[in-house]
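Right, one structure below, let's go through it.
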Amino acid sequence: MKLLLIEDEIKLTQYLKKGLVAEGFVVDIAHSGIDGLHLATEGQYDLIILDGMLPDLDGLGVLQALRQSNKKSTAVLMLTARSMVEDRVKGLQAGADDYLTKPFAFSELVARVHALMRRTIGVGNNGNPQAAATSLSLADLELDALKRQARRAGQDLRLTAKEFTLLWLLLRRKGEVLSRTELAELVWDMHFDSETNVVDVAIRRLRGKMDDPFNTPLLHTVRGMGYVLELRPEPPQDGNES
Ligand code: CA
């Protein structure tokens, strides 16, 4: 689940990003309306958290432009100041899916984000059903993004938030080889550094939970390229060998 946070208060964005990443979301940040609009229309986001007060183009302006763009169906949660009732009404009229009044508790933000994700499933993202999918599966592996639950053969795999995000990404793009660089950027928001083996370590832990206890491996290493999640045909067996 990839979120875009558009807010100019640096400390608040850092705090929110840290919390949302810990919840397993991948988060991009823009500190101005114009930058935010650019990212929103160029990137693929499941949800945009948009502040009303921004230095260049305000939240309402961003929202109106977004609703005219090719990403018009992306869910938007607006943040508004307590005194700005009128802005809130205008925001909803302009197509915000929900709003949250500042100051708010972090847990309330997370609850709204999950609620919005749930609401947007049935509606579907026009022309891009994958972006709105909240459950994915491959063979006996099932992921539910709303419950943050991964199951294999009916058993809860008990993944950490990062492991869940990593597996979600691999499953969403099953059959496609994802490089370490890409995984490092998408899951950890860091630029790949060859000294860092964070991706390999996480993959090993993930395998220990989702593949090792089961008969059929789904997560494969493609030497020199990266990792792919797919169901491969069983290799021919010579009778006695296990
Ligand atoms: Ca602001």
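Computed on the chain, with alpha-carbon pairs under 8 angstrom and 6+ residues apart, the relative contact order is 13 percent.
If you rank Lys147, Lys174 by fewest surrounding Cβ atoms within 10 Å, what's the result? List each step's numbers first, then the result.
Working: Lys147 12, Lys174 15.
In increasing order of surrounding Cβ atoms, one gets Lys147, Lys174.
Summarising the strand pairing of the chain, around 45 percent of its internal DSSP beta bridges are antiparallel.
Helix 106-123 and the longest principal axis of the C-alpha atoms of the chain enclose an angle of approximately 80°. Based on alpha carbons, the Rg and Dmax found for the chain are 20.0, 75 Å.
Between the Cα long axis of helix 33-42 and the first principal axis of the chain there is an angle of about 40°, rounded to the nearest 10.
Axis of helix 161-172 versus longest Cα principal axis of the chain: the two differ by about 80°, to the nearest ten degrees.
Only the coordinates and a few stated rules stand behind these numbers; no lab work does. This structure is a prediction, so every number in the text was calculated from the model and none was measured. FYI the Cβ positions are ideal-geometry reconstructions off the backbone, even for glycines, and counts take in every protein chain you see.
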